Structure formats: structure tokens, C-alpha cells
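Below is one structure, written out as C-alpha cells; comments come after it.
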Amino acid sequence: MEIRKIKAEDTWPVRHRVMWPDQPFDFVKVDEDHEGIHYGLFIDDELVSIVSLFLKDGKAQFRKFATEVEHQGKGYGTFLLNYLLKETEGLHVSSVWCNARTEKAGYYERFGLLKTDATYMKGGIEFVVMEKVLV
């Protein structure tokens, strides 16, 4: 198992297959992708889990966190997210946050992220903003 920085375009196929397979491919791209730090977890050189980190206004947001379906439930996503949260500690940000699918909020709570009052809908799915204050 290896985690390394990857290009934004390397994340797009995983994002599409896992997160939004019923949407057009371009739906998974975000305007800020070129500004992000993208991480991939590899098993025997196969990219199996991805996450993107964006820094803005002294905060870190992780987005587009996904693990290939056939590799889910094996701890790879948890390993990658723990790695990412450790990385944010050295970035001198006040908090790390994400937009979590509401049904997955319990997963993120295990990492110390807390639900905020901010919720929204996208593509028929409800999301909640979750945050972990670091300072």
C-alpha cells in the first residue's frame, strides 16, 4: 500500500465510477481542481482510493473522497483519510472540513469531524458540512 500525490485528472475516472456514475464525465471535475493537492492510495500500482485537498482562507477542505467499489470495506479509505488529516496538521490551517453525504456523516465523525447546521442538496443527494477545528 502506498499513498502519493497525483494529478487532478488521475482522480476523475475514480470520481466518476464511484460517486456519480449516472452523470456525464465532466460532472466530477471541479473548477478548482488545478489548485488542489490530490492524493491516491495504490495497491500494487493500482489506484484504489482518492481524495483532493483545497486550501482557502486558512482552512483545508477535502473533496471527492472515493474508493473503488470492489476495494471498499477493506480500510483503504480510512487509511487515506487518516493520512490526509495528518498532512493538514502541518499546513497551519484552523480547521479541516468537507461536504459529506448525510448518510455517511457517522463515518466522518469517527475522525473528529462534527456536523454543522449547513446542509444542501446536489443531484438528489443530501449533504451536510462537517468540520474539525484544529486550533
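The values are calculated or read from the model by the stated rules, or taken from the named source; none is laboratory data. Treat the numbers as computed from the prediction; the structure is a model and nothing was measured. With ideal geometry, Cβ positions are generated from the backbone for all residues, glycine too; neighbour counts draw on all protein chains shown. When the accessible area is computed, the model is the full protein with side chains, heavy atoms only, and any ligands, DNA or RNA have been set aside. Shrake-Rupley method; radii C 1.70, N 1.55, O 1.52, S 1.80 Å.
The condition of being small (Gly, Ala, Ser) and in contact with a strand residue (DSSP E or B) (Cβ under 8 Å, 6 or more places away or on another chain) holds for Gly40. Identify all residues within the range 60-85 that are among the charged types (D, E, K, R), within 16 Å of Tyr108 (Cβ to Cβ) and out of contact with any helix residue (DSSP H, G or I) (no Cβ under 8 Å at 6 or more places or on another chain); write none if there are none. Residue satisfying the conditions is Arg63 alone. Taking residues in the range 2-22 that are among the polar types (S, T, N, Q), and partners anywhere that are outside any helix (DSSP H, G or I) and surrounded by 18 or more Cβ atoms within 10 Å (Cβ to Cβ), the pairs with Cβ atoms closer than 7 Å and at least 6 places apart or on different chains are Thr11/His38; Thr11/Ile50; Thr11/Ser52; Thr11/Lys64. A search for C-beta distances below 8 Å between a residue of the range 121-133 that is over 24 Å from Asp57 (Cα atoms) and any residue that is among the charged types (D, E, K, R) and open to solvent by less than 70 Å² (accessible area, probe 1.4 Å), counting only pairs 6+ apart in sequence or on different chains, returns Ile125/Arg101; Glu126/Arg101.
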